[in-house]
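Notes follow the structure.
The values are calculated or read from the model by the stated rules, or taken from the named source; none is laboratory data. All values derive from a computational prediction rather than experimental measurement. Every residue, glycine among them, receives a Cβ derived from its backbone with ideal geometry; neighbour counts consider all protein chains shown.
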Amino acid sequence: AFKKIYLGSLLKGSIILGDKAYISSEHEKALIEKDLHLITERKKNSRKGQSFIYHRYGRRIRKKIESTFSRISSWLPKHIHAVTDRGFVLKLMMLIAAFSITF
């Protein structure tokens, strides 16, 4: 999945916050060359340890993001039955409007 991400659209100095993952050294080098900073939790069997930045900021930020997505996904229906593209967009807009009114 990482290889498919188009990094050219990110601004230099951007911070990418990722989930627990294995990152090869060539991917890390590619990010460094593009002046992008990856903050991710490393797997337990990783040879490199956790970065100080992840311990300091990453956990808190990830928890906020995951909590927000959890709240949003709890509001989403399990499926949206729409016959046309226009109907799907309408239902999606109504869902967003209802969500924004509630919070």
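Here are the numbers for the structure shown:
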read-out	value
Cross-chain or 6+ apart pairs with Cβ under 9 Å, segment 75-95 first and on the phi > 0 side of the Ramachandran plot, then outside any helix (DSSP H, G or I)	none
Residue match in segment 30-45 (condition: in a helix (DSSP H, G or I), surrounded by fewer than 10 Cβ atoms within 10 Å (Cβ to Cβ) and at pLDDT below 75)	no
Subset of segment 46-97 that is outside any helix (DSSP H, G or I) and aliphatic (A, V, I, L, M) - its residue that is modelled with the highest pLDDT	VAL83
Residue in segment 7-29 that is nearest to ILE65 (Cα to Cα), counting only those that are of a type in the set (Gly, Ala, Ser) and modelled with pLDDT under 80	GLY18
